[in-house]
Amino acid sequence: MAAHAPSTVPDTAPVSGARLVVEALEREGVRTVFGYPGGAIMPLYDALTGSGLRHILVRHEQAAALAADAYGRVTGEPGVCIATSGPGATNLVTGIANAYMDSVPMVAITGQVATSLIGTDAFQEVDIFGITLPIVKHSFVIRSTAEIPQVFAQAFELARSGRPGPVLIDLPKDMGVGAAVPNPVSVERFAHPEADPQLIAAANALIAEARAPVLYFGGGIAIARAERALRDFAARTGMPSVATLKGLGGIPTDHPDFLGMLGMHGMRAANMAIDKCDLLICVGARFDDRATGKLDTFAPGATVIHIDGDPAEIGKLRRAAVGISGDISKILDALDARPAHSEHWAALCRRQKAMWAMSYDAPGSGIYAPALLKDLSEAAGDDAVFTCDVGQHQMWVAQHCRFSRPQAHLTSAGLGTMGYGVPAGIGALIADPDATVITISGDGSIMMNVQELATLRRYRLPLKIVLIDNSQLGMVRQWQELFFEENFSEIDLSDNPDFADLAQAFGIEAFTIDHRDEVPAAIERLLATNGPILCHVRIDPRANVWPLVPPNSSNVQMLEKAK
Amino acid sequence: MTGQLTIDFDLHEGAVLRVLGLVERRGFEVRGIRMTEAADGRGALALDVRARDASRSLDTVAGQLQRLHDVRNVTCIQGVAQ
Ligand SMILES: Cc1ncc(C[n+]2csc(CCOP(=O)(O)OP(=O)(O)O)c2C)c(N)n1
């Protein structure tokens, strides 16, 4: 931490707390907030009118938090969500947890009952500070109106710096109503400590000796904006690389030495390379169980170099021979050694990648979702942003869409939140109004935040929704089929509404396709439409995601689609 | 595995809960607590802890405590107490 110059708020006449909140948000460069009003937060809503802030009224607070999350992922700046006390605040919880698990900058503002009523079971009182303690990077209760500028400045700095995360500010009603002369603001700016040169030297020595190195990178690349350094390092060393779900796009997915996503639904070439490597360089990833499979058989022959912005991740799950925390770009740039004898290995990995490439042949005339997604992603181009929900369709997006930057792939990785897709599309479009934003959803997931179609309509946000409908909770069905002896329990959604009718009832253009001949025209229509549009795609309810590593197995024990 | 964690922290609202919650959630039982307030207004917590399973490491939890905004310093000693 380095101390930093205080910025002072002029000490003139007393200002209302709500007004101080608005001013603090404006000082942080916030232009849009996502929220939903109610009793305890009314002073803030009162101050919003006439301010320079744009408020997006969602139809459920969870969507405000998830949209703010997507906004944070796209811009790198905290997304802001606002809710009232009690049920408004508890409705934010899933979105806050989502941001926490994926290290996304966010500031959540909750109304609270007046200070004198806290702890009395007052109307719409919940201890949201206590409820969210394990899922925030930090949190505050405003105890004095004069402290509002300081708390907000600190909250934004904490949310965006180091390993980013959500910060909650609980604002009791009297703090927003009361007026005060604000106290001066002084915030310590976060700075990574310099990496230890001895560790850099040790890592360089390991790289120079490696015969079969693999670069394994994750979401930490996007957080640190270290794509340039990562790509330079990969090019310099000629190392094959694999990505986690959140890492996708750190190196363009069509790069010849990029082997694909690793893990449960990863590419066989990626998992095999990890299995055989002698040096594993993990950058901005955390050995998550979905990525590693059975941990004690993951990269069994490898020495590990672990590089991360967060020192607490190093050695958490896998011992690192060399662990370096700090600024990822600087560390990668300092790793200038090249493996002397790894050409054979790189060539072998490339051959394996070709050998195990995905196949898009599928029998019948029905729509094969992987092929549709691949064609859509190619037609949309690398500037398009994909957001997804959770389930089979999410894994198909990761496997079959192309990404040349991590910010183009907004997915709920750590928490796996069904209902993320549409709110994330809203957040992405607010962050980048000119972007082509496409949401891939499932018939289960869409219903978790279907009310946000009204938000799309209200703000005329040109989100392109592709709803992959297998009339099942597909991912759960797949697990029941494979690991619970086909005992299908509560996965049938065949009584879904007609999704095209449903979207149209919200005032959104929509159409349905169920035959593969219809795919090219559907893609063209989706991309050519200027307003929000939903394409309802009926697919075979029995389609599964392949390949697949069974739970608690090694990543090399991948199951493949029966030919 | 048992051990002792000593945590120096700023006595901000919720700090004690944050520390205890983290230790519990990350796989340790808290078996003893002593808290004092230092002259400079900081808090000091000494926790006797016991791992819930063999995979838990005191160093890891110390690193995670260090990450908390309120926490200034953490030391851990393995195998003391009880
Ligand atoms: C909020 C939430 N509840 C439950 C789950 C568990 N879950 C994971 S995938 C899945 C099925 C998703 O179904 P759908 O959206 O139709 O996608 P599909 O797998 O069919 O592509 C469920 C229920 C979850 N991830 N999130």
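None of the figures in this text is laboratory data; all of them are computed from the coordinates on show. A quick note: this is a predicted structure, and the numbers were derived from the prediction, not measured. Here the Cβ positions follow ideal geometry from the backbone for every residue, glycine too, while neighbour counts run over all protein chains shown.
Using DSSP to call loops (not H, G, I, E or B), can you name the chymotrypsin sites (Phe, Trp or Tyr not before Pro) in region A:462-563 whose Cβ has at most 15 other Cβ atoms within 10 angstrom? Those satisfying the criteria are A:PHE484, A:PHE488. Given R0 = 30 Å, the distance between the Cβ atoms of A:ALA362 and A:PHE483 translates into a calculated FRET efficiency of 0.80.
As a proxy for reagent exposure, ranking A:LEU502, A:LEU259 by other Cβ atoms within 10 Å from fewest up yields A:LEU502, A:LEU259. Rounded, prolate or oblate: which one fits the protein assembly as shown, using the alpha carbon gyration tensor with axes a ≥ b ≥ c (rounded when a/c is under 1.5, else prolate when a/b beats b/c, else oblate)? It is oblate, given that a/c is not under 1.5 and a/b is not larger than b/c. Each Lys and Arg adds +1 at its Cβ and each Asp and Glu adds -1 at its Cβ; summed about the Cα centre, region A:1-125 shows a dipole of about 260 debye.
Rounded to the nearest 5, the antiparallel percentage of DSSP beta bridges internal to chain A is 10%. Dividing the mean sequence gap of close Cα pairs (under 8 Å, 6+ apart) by how many residues region B:5-82 holds gives a relative contact order of 41 percent.
The phi torsions of region A:34-42, fed into the Karplus equation with coefficients 6.51, -1.76 and 1.60 and a -60° offset, translate into couplings of 10, x, 7, x, x, x, 5, 9, 4 Hz, rounded to whole numbers, with Gly and Pro shown as x. Each residue of region B:20-33 was assigned a 3J(HN,Hα) from its phi angle through the Karplus curve 6.51 cos²θ - 1.76 cosθ + 1.60 (θ = phi - 60°); the sequence is 5, x, 4, 4, 4, 5, 8, x, 10, 7, 8, 9, x, 9 Hz, with glycine and proline shown as x. Roughly how many whole Å is it from the C-alpha centroid of region A:58-74 to that of region A:154-218? That distance is 22 Å. Over all other residues within a Cβ to Cβ distance under 14 Å of A:GLY86, the charged ones net out to -4, with Lys and Arg as +1 and Asp and Glu as -1. Among A:ILE305, A:ILE148, sorting on how many other beta-carbon atoms sit within 10 Å of each Cβ, with the fewest leading, yields A:ILE305, A:ILE148. For region A:441-506, trypsin sites (Lys or Arg not before Pro) meeting the loop criterion (DSSP other than H, G, I, E, B) and having at most 14 other Cβ atoms within 10 Å: A:ARG460. Between the amide H of A:MET261 and those of A:ALA243, A:MET267, distances stay under 5 Å, these residues lying 5 or more places away or on another chain, with hydrogens modeled in the peptide plane. Restriction of the chymotrypsin sites (Phe, Trp or Tyr not before Pro) in region A:111-175 to DSSP coil positions whose beta-carbon has at most 14 other beta-carbons within 10 angstrom yields A:PHE123. Taking a Cβ cut-off of under 12 Å around B:GLU29, the surrounding Lys, Arg, Asp and Glu residues balance to a net charge of +3, with basic ones at +1 and acidic ones at -1. Over chain B, DSSP H runs of length four or greater, each weighted -39,500 (n - 2.57), average out per residue to a 222 nm ellipticity of -7000 deg cm²/dmol. For region B:2-78, the square roots of the Cα gyration tensor eigenvalues, ordered a ≥ b ≥ c, give a/c of at least 1.5 with a/b greater than b/c, which places it in the prolate category.
Ordered by the count of other Cβ atoms within 10 Å of each Cβ, fewest first, A:LYS276, A:LYS246 give A:LYS276, A:LYS246.
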